[in-house]
Amino acid sequence: MTSSPRHARRPALPPPLADQTVFSFRFTASPRGARLARRLASCQMDAWGWSPGTPAHDAVELIVAELAANAVTHGRVPGRDAQLRLVRLDGAGRVRVEVSDVRGERLPCPVRGGRPDDDGGRGLALVTALAEDWGVAPRPGAPGKTVWAVVRTGAPVRFAARHDG
């Protein structure tokens, strides 16, 4: 008996691994996909040694949440996925967050002078506050753009040397 495409098994989610330096995941360009990207980024940061509640973990999680939400809101094309990529830059004590979508013509633009009761427009201000640097680049090898941010992490909390006085 053959299985129909509708009942074909979907590939498993990529497991967070402590020894990998790059984590990459394609997600549907939907609010649910953006939430999954945030959750997987949280799991990967924990696997790398930055537990929830640590500044590095929480900064990366918030940046992924914002960039993924922007990708599915402003960069969505029906039937095309977005992509999350985390790169652990060990020698530099940093993590690079990348979120790619297919709408290269729609570049992020920070809102300036928004009113307190505005519904949106603060996300990139949050990214600016949490990241050491951020920007936009053409998506390599595909149409679209990659919005990236670099977060200073320091040593992972689980692996940091303890200095008891």
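Any read-out appearing in this document is the output of simple, stated calculations on the displayed coordinates, not a laboratory observation. Bear in mind the structure is a predicted one, so any value in this text is a computation, not a measurement. All Cβ positions, even for glycine, are placed from backbone atoms using ideal geometry, and neighbour counts span all protein chains on display.
Filter segment 38-87 down to the residues that are acidic (Asp, Glu) and within 22 Å of Asp101 (Cα to Cα), then identify the one that is surrounded by the fewest Cβ atoms within 10 Å (Cβ to Cβ). Working first, answer last.
Going through segment 38-87, the residues acidic (Asp, Glu) turn out to be 46, 58, 61, 66, 81.
Still in the list and also within 22 Å of Asp101 (Cα to Cα): 61, 66, 81.
Working: Glu61: 21, Glu66: 24, Asp81: 17.
Result: Asp81.
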Residue by residue through segment 89-108, note down the ones that are buried (at least 16 other Cβ atoms within 10 Å of the Cβ) and hydrophobic (A, V, I, L, M, F, W, C).
-> Val95, Val97, Val99, Val102
